[in-house]
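K.L.:
The structure under discussion is supplied below as structure tokens; questions concerning it will follow.
Throughout, read-outs are computed from the coordinates displayed, never taken from laboratory work. Quick caveat, the model's predicted, so the values are computed rather than measured. Glycine also receives a Cβ, built like all others from the backbone with ideal geometry; neighbour counts cover every protein chain displayed.
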Amino acid sequence: MVWELLAIWAVIAASIIWFFHDESKEQRSKLNQRARALARTPAWHQDQPVISAQVTPRDPQRQTEIQRKFLEEMRRVRP
């Protein structure tokens, strides 16, 4: 009876160890694939230069009352 319990726990322990070993091996394999793909592609390649968007002027007619009050207060505080 005791040896059967030991055999069951040995199988359980072996299964857990095998599972974690297999998972870490798979993660290392995926990491190696990603590193290989990154090493073979041109770094930071951009076809066209980055152009920042132009700032549009504020239209006072499209602002809500609270937005107008906030902007007026900001103009008053910051000369």
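K.L.:
Residues to consider are Arg58, Arg28, Arg68; find the one that is outside any helix (DSSP H, G or I) and among the charged types (D, E, K, R).
P.N.:
Of Arg58, Arg28, Arg68, the one residue that is outside any helix (DSSP H, G or I) and among the charged types (D, E, K, R) is Arg58.
K.L.:
If Glu73 meets every condition in (1) charged (D, E, K, R); (2) exposed (fewer than 10 other Cβ atoms within 10 Å of the Cβ); (3) in a helix (DSSP H, G or I) apart from one, which number is that one?
P.N.:
(2)
K.L.:
Would you be able to say whether some residue in the range 34-41 is exposed (fewer than 10 other Cβ atoms within 10 Å of the Cβ), under 25 Å from the mean Cα position of the chain (by Cα) and not in a helix (DSSP H, G or I)?
P.N.:
Checked against the condition, which is being exposed (fewer than 10 other Cβ atoms within 10 Å of the Cβ), under 25 Å from the mean Cα position of the chain (by Cα) and not in a helix (DSSP H, G or I), the range 34-41 yields at least one hit.
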